[in-house]
Amino acid sequence: MKKIIISTFLFLFFFQVSVAQESPSITSKNSFIEWNFGIAFISEEGFPFPGTSVLWGKTYINENDIIFEYQAGFALPSLVTGKIGIGKMFDTTKVIVGIRPFPFNVFLQSSFATQKNGYWIASVELNPLNANTEISFESKAILNVGYRWSLSAKKTRN
């Protein structure tokens with residue numbers, strides 16, 4: 001029950017931020033496809049478990065280089081996953097904090113090695129509740145690296 005209350009609160013907070021991000025101060029919007037691979041530390045297992053995901057997402061950046069981002073897609077071993085976060089852009093580096101509703105984690109993510117068609121990302125995720133639940137594949141932590149391909153980049157204001 002505690003996890004549901006915290007998840008709902010965090011979702012509503014990020015939803016409010018997303019509504020605010022739709023203001024005229026948005027300077028760029030970008031859709032992307034992302035492929036990740038890494039390891040998860042699963043509550044019911046005594047060793048790291050490999051995983052991968054393919055996600056579609058969207059990034060909004062405002063005139064103050066504040067980022068709002070969401071993504072959803074398919075993953076193994078959890079089958080489906082998604083993330084929502086806010087952050088800051090420093091030159092070409094994006095630093096984002098947020099939540100992954102399933103498997104539930106909070107995360108810190110950074111971009112690096114910007115290429116012509118995308119960039120690399122890395123994230124560290126932790127389950128702040130770290131409770132043993134009945135949910136299969138509930139993670140204690142996830143470490144991953146991925147590549148993000150830009151599908152569209154649209155400047156909305158100079």
Quiz item: For N117 and L143 in one chain, what is 0.36 nm times their gap in residues minus the Cα-Cα distance, to one decimal in nm?
Solution: 7.0 nm
Practice problem: For an R0 of 41 angstrom, estimate the FRET efficiency from the Cβ-Cβ distance between K88 and F47 and round to the nearest 0.05. | Solution: 0.70
Self-check item: Check: the stretch 30-131 dipole with +1 on Lys, Arg Cβ and -1 on Asp, Glu Cβ, in debye
Solution: 160
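Every read-out reported here was derived from the displayed coordinates using simple, explicitly stated rules and does not represent laboratory data. Quick caveat: nothing in here was measured; it's all calculated off a predicted structure. A quick note on method: Cβ atoms are made from the backbone with ideal geometry, for glycine too, and the neighbour counts reach across all protein chains shown.
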